[in-house]
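Take a look at the structure set out below.
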Amino acid sequence: MNRRIVLWAVLVAALSNCLIAVIDAPNNAQAATPRCPWVGSSAPVKTRVAQVMGAMALPQKIALLHGQLGSSYAGLTPAIAALCIPAMNFQDGPAGVGDGLTGVTQLPAPVAAAATWDPVAERHYGAVLGAEEAGKGTTVTLAPTVNLVRDPRWGRAFESTGEDPYLAGRTGAALIEGIQSQGELAQVKHLAAYNQETNRNTAADNAVVSTRALQELYLPAFGTAVKSAAVASVMCSYSTVNGTPACQNKLLQNAVLRDEFGFDGFVTSDWFATKSTVASANGGLDIEMPDGAYFGSALSAAVAAGTISMATIDNMVAGILTQMFGFGLFDRAPTGSPAQIVTNDAHVAVARSVAAEGTVLLKNKGNSLPITSAVRSIAVIGDDAADHPQYTGGGSASVRADYEVAPLLGIQRRAPAGTSVLFDPGVSATSAAATAARADVAVVFASKFEAEESDLSSIDLSASLNNLISAVAAANPNTIVVLNTGSAVTMPWIDGVAGVLEAWYPGQENGTAIAQVLFGDVNPSGHLPVTFPRSLADVPAQTLAQWPGVDGNVQYSEGLQVGYRWYDQQGIVPLFPFGYGLSYTKFAYSDLHLSPVNAGGSLTVAATVTNIGSRTGSDVAQLYIGAPAAVGEPPKQLKGYKRVTLSPGASTRVYFPLSLKDLAAWSTAANAFVTAPGSYDVWVGDSSRDLPLHTALTVASGRPGRTVSLTNPGPVDVAVGTGFGQQIVGSDSAGAALTYSASGLPAGVTVSGDGLLSGTALRAGTTTVTVTASDSSGAAGTTTFILTVNPAPAGGGRTGPVTGLAGLCLDVRGDSNVDTTAVEIFPCNGTNAQQWTPHSDGTLRALGKCLDAAAAGTRDGTRVQLYTCNGTGAQQWSVSGSALINVGSGLCLDVPAGLPAPGSQVQIYHCNGTAAQQWTLP
């Protein structure tokens with residue numbers, strides 16, 4: 001979706017005086033009233049949904065099913081005051097808060113996050129995105145993009161998560177977990193077979209794709225988003241799939257998404273992607289965006305005519321309300337606004353870390369990197385180094401930063417004292433070569449721009465850039481090339497350079513991050529999420545019929561042979577294979593072992609990884625499986641990965657869980673996934689073409705002896721300090737007893753051996769809970785859902801503002817609960833960032849985390865921050881009169897210099913009885 005289209009539509013609607021009437025002006029979650037008993041209720045979400053729907057008239061239901069133009073956000077469903085239904089604000093995007101809003105963090109492109117192969121880093125990335133969207137007043141974050149990179153010419157490859165469905169699914173799930181941990185509803189996109197910009201949203205973009213390819217390649221990442229991350233919403237795509245527009249495609253939205261994957265949220269159209277009223281409503285679409293061209297009066301008329309049933313309307317509304325209740329939207333006052341500054345140092349640190357961690361070292365001849373103190377002069381070459389660096393891609397994933405660090409500046413700041421940094425803009429290859437010849441090392445920066453709404457005509461850098469790199473390399477054999485691209489590019493100069501780094505679109509911390517890698521402060525550990533071919537002639541889409549299509553049809557005739565699957569099947573050696581990435585150290589793999597397959601059809605693959613180099617570094621151990629030839633699968637497919645960090649000489653054991661279901665292929669005859677008996681190849685290594693460990697797994701029967709299934713409660717909504725119970729019921733196919741465990745439970749909540757989740761949640765927040773039930777044979781099943789813990793209702797506890805000097809409130813900067821976020825004094829505004837709860841353990845909590853003396857400091861001037869509660873004295877506070885004394889240090893919570901300056905970060909300081917240390921608790 002491109003914001004410019006929406007702005008144009010707003011203008012047209014205003015000029016024609018056709019703006020849809022606002023259902024309700026205020027964007028407020030209402031306090032409980034006799035007319036809204038579902039607000040603040042402890043009843044199950046399903047009960048509350050039924051209560052609201054029982055009070056809704058058809059026009060009110062219709063109002064929830066389409067967007068309204070004229071909002072400050074990319075999309076809006078308006079509030080309905082009569083029913084205490086809050087508005088929902090929809091906003092881009094995958095790489096940070098988009099659509100031109102300022103005061104935000106410009107994160108690296110999502111492809112860089114995918115290149116980390118690090119779920120922890122990806123969750124942090126998502127948490128920053130979710131926190132900043134919430135701070136801007138957004139309800140639904142339009143991210144992540146999990147469409148596969150079918151071809152490197154795709155204009156949105158930079159905002160995707162790679163070419164492999166397993167990697168895309170795991171990366172997408174981690175991003176979703178991060179986003180939704182901030183109380184934001186994530187919207188995974190774009191369902192489905194949306195893999196090019198050419199002819200998009202037109203009749204000429206019909207993806208002709210087999211059911212097998214859909215099921216094995218283009219749909220699994222969405223299934224992972226639902227099953228592993230309990231994603232709240234899905235965006236259907238501009239594509240027509242096998243003759244049916246995606247947003248009215250029953251197979252995609254009903255049969256697969258809901259029936260097969262178990263999705264219980266809502267489906268939103270991409271902006272202006274809705275093509276019909278009756279077919280879309282009956283085909284599984286819930287919300288039309290950005291207006292009601294098809295789901296406004298036309299939807300009401302279709303209900304009156306009987307072409308759409310009230311049962312269908314009710315199902316659409318129920319999916320929306322279920323997520324709104326599940327995420328606590330009815331029970332917490334909205335916070336944030338588009339004008340609010342939401343970036344902060346902690347968020348920028350995440351952006352910088354992901355940019356560095358996602359950088360992939362592709363070549364390092366003679367250990368030319370990292371740059372050492374022996375290097376006395378560095379030539380920095382290229383327009384991308386200083387005047388026009390490539391920070392971000394274009395379209396709805398473009399993000400405006402308040403500042404950006406150019407590579408030249410980052411290198412100048414980091415270069416050791418006495419090392420000269422020369423610069424040439426690269427306008428003249430001759431001049432650049434002369435500059436390079438005067439330096440010990442030359443670093444050339446080169447980019448290729450990608451953007452929504454257009455595809456690339458080639459995967460080559462510009463001729464001038466290729467000539468520039470060749471000229472510099474000829475002048476200086478110690479030439480390093482840093483690429484800022486969104487996907488694969490060719491490298492005709494590869495044999496002449498000493499090193500190559502792929503840094504993607506690294507966001508606002510570009511220069512700082514790349515300098516950390518170049519000088520060895522960060523050991524590169526990124527691995528490619530896409531294959532880099534030697535030329536465009538090698539890519540899977542070999543014909544015009546495949547790309548960009550002929551006569552309105554795009555033939556996905558390559559079938560399952562996408563990305564590395566194609567290169568393996570065809571015996572083509574790529575320039576750099578999928579999963580590839582070097583380090584400044586070296587790793588060895590050994591001792592591959594497979595456990596026996598248990599009665600539940602599960603086993604574990606284990607291997608040892610050893611750092612045999614001289615530096616601490618990280619590697620990504622990758623598991624690939626090859627099916628028996630008769631199954632007709634690609635030669636090998638990614639089925640697991642583990643990122644490990646090891647000091648020199650250290651070893652660790654990595655474990656990959658595997659089940660017979662993971663080996664299944666789609667059977668057209670059975671119309672289902674089937675695991676064939678036979679011998680399966682098992683490989684472990686650190687790229688798809690470097691797999692030193694191999695063994696075979698013999699499968700006698702594809703049907704496990706036992707299966708375990710669990711009920712899913714859907715999203716659960718509770719309040720801080722309120723006891724609750726949620727029973728999860730499991731069923732074992734053999735009737736065996738089950739034992740339950742759970743991950744993601746909030747503090748104060750436990751799971752019993754019989755599947756009862758119970759307790760009293762201690763702090764507010766949103767978490768993804770996974771419950772596992774297993775029997776004595778090893779058969780197991782899981783279910784995943786969202787659990788939202790809302791702040792205690794006003795008047796129902798001691799939650800409220802902490803006021804201090806000049807009546808200013810203790811405030812969490814930027815409404816962010818990311819660890820190390822500054823706590824400041826700020827004008828009181830009633831937001832959640834100023835709602836503090838004193839706990840019996842001596843902590844003072846807001847946004848689900850604790851008031852904390854940074855780094856457990858005990859000196860005057862130690863800054864105070866928000867941090868994950870850990871039970872240390874740095875987070876315990878005692879009350880003495882009006883003073884708050886930090887137990888760990890004995891110092892008082894203090895406003896620096898006694899100056900009531902809004903935005904001033906508070907500190908701890910020796911207790912002195914001044915007004916700067918006087919506080920009023922809730």
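The values are calculated or read from the model by the stated rules, or taken from the named source; none is laboratory data. Please read all numbers here as calculations on a predicted model, not as lab measurements. Cβ atoms come from the backbone with ideal geometry, glycine included; neighbour counts cover every protein chain shown.
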- So which of Val654, Val699, Val682, Val644 ends up being surrounded by 17 or more Cβ atoms within 10 Å (Cβ to Cβ), among the β-branched types (Val, Ile, Thr) and more than 31 Å from the chain's Cα centre (by Cα)? Val699
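State all residues of region 848-863 that are in a strand (DSSP E or B) and surrounded by fewer than 19 Cβ atoms within 10 Å (Cβ to Cβ); if no residue qualifies, say none.
The answer is Arg863, and nothing else.
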- Item | So Ser602, is it closer than 25 Å to Pro628 by Cβ, among the small types (Gly, Ala, Ser) and in the same structural domain as Arg643 (by TED's automatic domain parsing) | yes
- Within region 176-222, count every residue that is among the hydroxyl-bearing types (Ser, Thr, Tyr) and more than 22 Å from the chain's Cα centre (by Cα). 4
- For Val751, which of the numbered conditions (1) surrounded by fewer than 18 Cβ atoms within 10 Å (Cβ to Cβ); (2) without any contact (Cβ under 8 Å) to a residue 24 or more places away in the chain fails to hold? (1)
- Item | Where Ser878 falls short, out of the listed (1) outside any loop (DSSP other than H, G, I, E, B); (2) over 21 Å from Thr799 (Cα atoms); (3) modelled with pLDDT under 85 | (2)
- Looking only at residues in region 616-652 that are of a type in the set (S, T, N, Q) and touching a Leu at 6+ places or on another chain (Cβ under 8 Å), which one is nearest to Gly526 (Cα to Cα)? Ser618
- Message: If I ask for residues that are modelled with pLDDT of 90 or more and closer than 22 Å to Thr139 by Cβ, which ones from region 717-743 would you list?
- Response: none
- Message: Step by step: first the residues of region 702-716, then only those that are of a type in the set (Gly, Ala, Ser) and modelled with pLDDT of 85 or more, then the one that is surrounded by the fewest Cβ atoms within 10 Å (Cβ to Cβ). Which residue is that?
- Response: Ser709
- Considering region 492-513 alone, what residues qualify as being under 22 Å from the mean Cα position of the chain (by Cα) and either hydrophobic (A, V, I, L, M, F, W, C) or surrounded by fewer than 24 Cβ atoms within 10 Å (Cβ to Cβ) (or both)? Ala503, Trp504, Ala513
- Considering region 484-523 alone, what residues qualify as being in contact with a Pro (Cβ under 6 Å, 6 or more places away or on another chain), part of a loop (DSSP other than H, G, I, E, B) and of a type outside the set (A, V, I, L, M, F, W, C)? Ser487, Pro506, Gly507, Gly520
- Query: Counting only residues that are touching a Ser or Thr at 6+ places or on another chain (Cβ under 7 Å) and farther than 19 Å from Trp504 by Cα, which one in region 350-403 is surrounded by the most Cβ atoms within 10 Å (Cβ to Cβ)?
  - Reply: Ala379
- Query: What are the residue pairs meeting all of these: first residue in region 405-431, first residue on the phi < 0 side of the Ramachandran plot and outside any helix (DSSP H, G or I), second residue among the acidic types (Asp, Glu) and crowded, with 18+ Cβ neighbours inside 10 Å, Cβ atoms under 6 Å, and 6 or more apart or on different chains?
  - Reply: Val405/Glu509; Pro425/Asp383
- Search result, residues across region 66-82 that are farther than 14 Å from Gly137 by Cα and buried (at least 24 other Cβ atoms within 10 Å of the Cβ): His66, Gly67
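Residues to consider are Val443, Val427, Val472; find the one that is under 22 Å from Ala356 (Cβ atoms) and among the β-branched types (Val, Ile, Thr).
Details: Val427 fails: under 22 Å from Ala356 (Cβ atoms); Val472 fails: under 22 Å from Ala356 (Cβ atoms).
Every option except Val443 fails the conditions.
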- Is it the case that Ala302 is in the same structural domain as Leu65 (by TED's automatic domain parsing), part of a helix (DSSP H, G or I), among the aliphatic types (A, V, I, L, M) and touching a helix residue (DSSP H, G or I) at 6+ places or on another chain (Cβ under 7 Å)? yes
- In region 588-633, anything of a type outside the set (Lys, Arg), outside any strand (DSSP E or B) and touching a Phe, Trp or Tyr at 6+ places or on another chain (Cβ under 8 Å) is listed as Ile612, Gly613, Ala627, Pro628
